[in-house]
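Here's the structure, in structure tokens; my notes come after.
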Amino acid sequence: MATLTLENVQKSFGDTKVIHGVDIDVADGEFIVIVGPSGCGKSTLLRMVAGLEGVSGGEIRIGGKRVNEQEPMDRDIAMVFQNYALYPHMSVAENMGYGLKIAKTPKAEIAARVQEAATLLQLTPYLKRKPRELSGGQRQRVAMGRAIVRRPSVFLFDEPLSNLDAKLRVQMRLEIKQLQRKLGVTALYVTHDQVEAMTLADRMIVMNAGVADQIGAPLDVYADPATAFVAGFIGSPPTNFLPAARFGGAEGEMLGIRPEHLTLGAAGAGRIDGRAVSIEPLGAETLVHLRLEDGTAVTVRQEGTAELPAEGAEAGLSWATGEEMRFDDAGRRLR
Amino acid sequence: MADRHTGMVEKRGAGLWLTHAGLILGVLFIFFPIWLAFVASTVTQPEIVHPPMPLLPGDQFLENYRKALVSGINAPVARMLANSAVMAIGIAVGKIVISILSAFAIVYFRFPGRKLFFWLIFVTLMLPVEVRIVPTYEVAARFDMLNSYHGLILPLIASATATFLFRQFFMTVPDELAEAARVDGARPMRFFIDILLPMSRTNMAALFVILFIYGWNQYLWPLLITTDPEMNTIVMGIKQMFPSGDDIADWPVIMATSILAMIPPVIVVISMQKLFIRGLVDSEK
Ligand SMILES: Nc1ncnc2c1ncn2[C@@H]1O[C@H](COP(=O)(O)OP(=O)(O)OP(=O)(O)O)[C@@H](O)[C@H]1O
Ligand SMILES: [Mg+2]
């Protein structure tokens, strides 16, 4: 168990710079989720912490100690890979105990620790099986077990749930969270799924093209995005962006409004009119997709019981000024 | 699953009989010369040279085989079989060890000249043993390797084909496996021994069969490098059994030797075949 510090961490592959300097202080036992679209450098950042990629600039400290030059095994970390990376010819128990075996832990202690982890993860009946004789969810658990038995100070997860079906993903998400709480181990978790990020994270890092656009607690990030990218990426359906010039802003500025902050009224009665192009009733709520005169698509989220416009009909959109977020032409939030 | 597969190609009635008749005929056709050799190894010399050739085994089986194994013509066949076994196993094991290590180096390490070395190995694929046999002989002779096991084995031990094969296999092993091992604390050789080797088991078995037979069937190289009959291998030894002058060939003993020469490769193929099939059925990756 330890703190983790990234200080202006940078990474270049040859001439291409993929991480442009990330800073974060992770407290002991904190669950940090790195979230962002594909190719933004999440895995690269995680792999640098693991020691699987060299660090081009800046410093990584685990428990206050600089680890830039250390091999993965000396960093006191454990990693769970996206495709589990279980050793195919070893049994579940051997897979989990392999790291300890290399560390020359006494056999009895390995067995005890594997047993303990297996109990925790409900893997006891499968200890003798080979990975190929397990289901996806069970393999996922073995990968977790392999990380747990080593009692590392930091857990690293790279999209560990992306190979599971939707239902299992939700279940494993809960299990990972509970496990991390129970063990109190600092965790760094990469995902491109914002729901996973929102539900798991104590704090999340929203990455955009190699830059940490915002770091904060999920609800804070949601309520108060620092950039247009964050506003658009976190939240589903995404934030609507309207040209601010139409509402008294400067040219090039954008106005962001969350779908739930928009209300529909009669045409002409709101701040701007749009034509309803499609309506998605989801039961408790309904999504109304509209198109403005200039072609901008806007989504409104309203209660399932609220009155709906007819498809193709004009409707007026209104919102409270306090809910709108202004962004400059570079996407930075204006306050 | 086996049921479904036979079901898929199932033929009925006449078709079934025809295919079987065809197969049996083919087997008989290919097996006939071997049968003749076996028959010839169980009769006496006069019975062979007087036509018509017998088609059924005679009563000299024990006599001929004992004679071949114990005294042979130039050297006892038992001795030649042992030489061949040492050579074939030496070549097969040596080739596998060297090529799996080179493939490991080429796939998992970045070192200067890595591409160059790979292509150098690859280029040697294009040179058959016969092309470089004179310089190889020269080198072997200078190192005093004539009439020795290492002389039989070492010059044939480098294998571009096997290196290439293992390289292709290693490239299909997911990178994450190597990374997981690194995080687990395995240094490169540990990863090689604990993870890559067990995963290559079936590939090694397949190669062993092929290379054993390759080694067993070597003819030209043992012919050059061994002058002492005690160091003869069996395949070249059979040829040496033909008389050079006016002597008459001792056909029953030569035939018994031929039959004996076939047995070890057959045993290797059959015993390794089981491992093959097991490897194919529970593929590990
Ligand atoms: N070994 C490498 N050499 C060169 N470029 C690389 C290398 N590894 C990654 N990159 C580049 O770095 C960028 C970030 O890659 P990374 O794998 O970190 O993305 P990611 O955020 O994990 O994406 P995903 O969600 O698709 O996994 C990408 O543009 C990728 O092309
Ligand atoms: Mg990734």
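Points worth noting:
- Checking A:A217, A:A231, A:A223, A:A245 one by one, the residue that is at negative phi, away from ligand 1 (no atom under 16 Å from the Cβ) and either in contact with a Lys or Arg (Cβ under 6 Å, 6 or more places away or on another chain) or within 14 Å of chain B (Cβ to nearest Cβ) (or both) is A:A217 and no other.
- Condition met for A:E280 (open to solvent by 70 Å² or more (accessible area, probe 1.4 Å), within 21 Å of A:V195 (Cβ to Cβ) and not in a loop (DSSP other than H, G, I, E, B)): yes
- Scope the range B:230-249; condition touching a residue at least 24 places away in the same chain (Cβ under 8 Å), assigned to a helix (DSSP H, G or I) and either within 12 Å of B:A88 (Cα to Cα) or open to solvent by 50 Å² or more (accessible area, probe 1.4 Å) (or both); matching residues: B:E230, B:I234, B:V235, B:Q240
- Single unsatisfied condition, A:S43 versus (1) away from ligand 2 (no atom under 16 Å from the Cβ); (2) of a type in the set (S, T, N, Q); (3) in contact (Cβ under 8 Å) with a residue 40 or more places away in the chain: (1)
- Those residues of the range A:171-199 which are under 26 Å from A:E116 (Cβ atoms) and either open to solvent by 50 Å² or more (accessible area, probe 1.4 Å) or within 16 Å of ligand 1 (Cβ to nearest atom) (or both), in sequence order: A:Q171, A:L174, A:Q178, A:R181, A:K182, A:L183, A:L188, A:Y189
- A single member of A:G232, A:G210, A:G274, A:G295 is of a type outside the set (S, T, Y) and open to solvent by 30 Å² or more (accessible area, probe 1.4 Å), and it is A:G295.
- Just one of the listed residues (A:R173, A:R139, A:R150) is in the same structural domain as A:V80 (by TED's automatic domain parsing) and in contact with a Gly (Cβ under 7 Å, 6 or more places away or on another chain), and it is A:R150.
- Extreme residue, farthest from A:V206 (Cα to Cα), among residues of the range A:37-57 that are polar (S, T, N, Q), more than 13 Å from every other protein chain (Cβ to nearest Cβ) and near ligand 1 (Cβ under 7 Å from one of its atoms): A:T44
- Residue in the range A:97-106 that is touching a Gly at 6+ places or on another chain (Cβ under 7 Å), hydrophobic (A, V, I, L, M, F, W, C), away from chain B (no Cβ under 12 Å) and not in a strand (DSSP E or B) present: no
- Counting only helices (runs of 4 or more DSSP H) that sit wholly inside the range B:99-186, those with at least 3 residues that are of a type in the set (A, V, I, L, M), within 14 Å of chain A (Cβ to nearest Cβ) and open to solvent by less than 70 Å² (accessible area, probe 1.4 Å) are B:175-183.
- Residue list for the range A:58-71, filter: crowded, with 17+ Cβ neighbours inside 10 Å and within 14 Å of chain B (Cβ to nearest Cβ): A:I62, A:V67
- Answer from A:R141, A:R146 - the residue that is within 13 Å of chain B (Cβ to nearest Cβ), part of a helix (DSSP H, G or I) and among the charged types (D, E, K, R): A:R146
- For the residues B:A88, B:A14, the requirement of being more than 15 Å from B:S258 (Cα to Cα) and touching a residue at least 60 places away in the same chain (Cβ under 8 Å) singles out B:A88.
- Residue that is surrounded by the most Cβ atoms within 10 Å (Cβ to Cβ), among those in the range A:127-163 that are away from ligand 2 (no atom under 16 Å from the Cβ) and closer than 16 Å to A:L200 by Cβ: A:A147
- Given (1) among the polar types (S, T, N, Q); (2) within 14 Å of chain B (Cβ to nearest Cβ); (3) in contact with a strand residue (DSSP E or B) (Cβ under 7 Å, 6 or more places away or on another chain), number of the condition A:S91 does not satisfy: (3)
- Residues in the range A:72-92 that are open to solvent by less than 20 Å² (accessible area, probe 1.4 Å), charged (D, E, K, R) and either outside any loop (DSSP other than H, G, I, E, B) or within 16 Å of ligand 1 (Cβ to nearest atom) (or both): there are none.
- Those residues of the range B:187-200 which are more than 8 Å from chain A (Cβ to nearest Cβ) and surrounded by fewer than 18 Cβ atoms within 10 Å (Cβ to Cβ), in sequence order: B:R187, B:P188, B:M189, B:I193, B:L197
The values are calculated or read from the model by the stated rules, or taken from the named source; none is laboratory data. Quick caveat: nothing in here was measured; it's all calculated off a predicted structure. All Cβ positions, even for glycine, are placed from backbone atoms using ideal geometry, and neighbour counts span all protein chains on display. Each accessible area value is taken on the protein alone, full model and side chains, heavy atoms only, with ligands, DNA and RNA left out. Shrake-Rupley method; radii C 1.70, N 1.55, O 1.52, S 1.80 Å.
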